1. What tally of residues in the stretch 119-145 results from selecting those that are part of a strand (DSSP E or B) and free of Cβ contacts under 8 Å to residues at least 60 places away in the same chain?
2. Do we find a residue being farther than 26 Å from Ile195 by Cβ, touching a strand residue (DSSP E or B) at 6+ places or on another chain (Cβ under 9 Å) and among the hydrophobic types (A, V, I, L, M, F, W, C) anywhere in the stretch 258-279?
3. Can you name every residue in the stretch 130-141 that is farther than 28 Å from Gln180 by Cβ and either loosely packed, with under 14 Cβ neighbours inside 10 Å or over 35 Å from the mean Cα position of the chain (by Cα) (or both)?
4. Restrict the check to the stretch 68-88 and report whether at least one residue is β-branched (Val, Ile, Thr) and more than 24 Å from the chain's Cα centre (by Cα).
5. Can you run down the residue pairs with Cβ atoms below 9 Å, 6 or more apart or on separate chains, where the first is in the stretch 246-268 and under 22 Å from Asn57 (Cα atoms) and the partner is modelled with pLDDT under 90 and basic (Lys, Arg)?
6. Evaluate the stretch 120-139: report whether one residue or more is at pLDDT 95 or above and of a type in the set (Phe, Trp, Tyr).
7. Inside the stretch 235-249, can you point out the residues that are more than 21 Å from Tyr321 (Cβ to Cβ) and surrounded by fewer than 18 Cβ atoms within 10 Å (Cβ to Cβ)?
Amino acid sequence: MKKKHFLLFLLFPIIINAQALRNYSNEFLTIGVDAAALGMSKSVVATSNDVNSGYWNPAGLVNIKDYQGSLMHSSYFAGIANYNYAAFAMPIDKRSALGVSIIRFGVDDILNTTELIDNQGNIDFNRISLFSAADYALTLSYARNIIFKDVYFGMNAKIVRRTIGDFANSWGVGLDAGIQYERDNWKFGLMIRDISTTFNIWTIDSDAFASVQNAIPGQNQELPETTEITKPKIQFGVARSLKLGRFFHLLTEVDLNMRFAKTNDLISTSIASIDPALGFQLDYDDFVFLRAGIGNFQNTTEFDGSKNLSLQPNFGVGFLYNGIQIDYALTNIGSLGNALFSNIFSVKIDYSFFRR
């Protein structure tokens, strides 16, 4: 038995290198949650401190004082795709907390026309069926203050489920890690997504694949690889809060989002690419919130070969009353035309208010 374990240890790096290491895998997990955070262009890695920290930086869960719940819904691509999110978190004691969240991103009622034409070459519309392509993620989060008073650590364990009708499906697992540090009015945050790399193992219906493999003459398709490995991503944030007069407070944060790949991001090398994001939040007595942010800086190439820099501004508002917070964000502004604006709504409930 020991020899088998030793052999597995030797072969493991070879097995990993043989898999499909993806620059863009499980991308639905990068969309983001919570309209408040999205209104700030996702610049919340250092300041996230509620139930939604399970997504942005699990270390922030240490700050919750009682049960919290959150819900969000948004539509993308002019309503073609729907994104839904739900989360719950609770403190274990004064130094630690737990959280759980689930995400679904899906396109439903897709027409399956693979059997539209029968064996005799006749078109039969009754042979059209519908299917869904959906991605799911279940995340379990744990956070603890373990070294210094102002330093928090957090971990996520993720289970990823992806389905494409009856054609293919996959299971994946992965880990995230985060840390936050606070000193006076400054806050710092570091989030490493897929720190373990995230493995997705696909199961493909070979019969369904064979039925469409030769659909286009001369374009015979090979069976795709069944294993994906998602590369780690790093997010670093610095935030500063200011008091403006008696009732107003301003929160600003700058985040650097890093991928280990050459992309169209503002800073791009053969080793890594960095996309900065900047967010603002102005609140009146912790009751009304006005948010704005700029992110997704991309170097684009036009049809005439000219180079341009594109970016996406986001806006948001929010209201907090009696332990219930309702937020709205307008995102994806300037993304391939006005039709792709995304209106995002979320609600958060803090049960501590109802214990008073």
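1. 10
2. No, every residue in the stretch 258-279 fails to be farther than 26 Å from Ile195 by Cβ, touching a strand residue (DSSP E or B) at 6+ places or on another chain (Cβ under 9 Å) and among the hydrophobic types (A, V, I, L, M, F, W, C).
3. Hits for the stretch 130-141 are Leu130, Ser132.
4. No: zero hits.
5. Close Cβ pairs (under 9 Å, with a partner that is modelled with pLDDT under 90 and basic (Lys, Arg)) amount to Arg259/Lys231; Phe260/Lys231.
6. Within the stretch 120-139 (the criterion being at pLDDT 95 or above and of a type in the set (Phe, Trp, Tyr)), the answer is yes, since at least one residue qualifies.
7. Listed by number, the residues that qualify are Phe236, Val238, Arg240, Ser241, Leu242, Lys243, Leu244, Gly245.
Residue by residue, here is whether (1) loosely packed, with under 15 Cβ neighbours inside 10 Å; (2) modelled with pLDDT of 95 or more holds:
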residue	(1), (2)
Leu29	no, no
Thr47	no, yes
Asn57	no, yes
Leu61	no, yes
Lys65	yes, no
Ser70	no, yes
Pro91	no, yes
Arg95	yes, no
Asp108	yes, no
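The values are calculated or read from the model by the stated rules, or taken from the named source; none is laboratory data. What you see is a predicted model; the values in this text were computed from it and never measured. Every residue, glycine among them, receives a Cβ derived from its backbone with ideal geometry; neighbour counts consider all protein chains shown.
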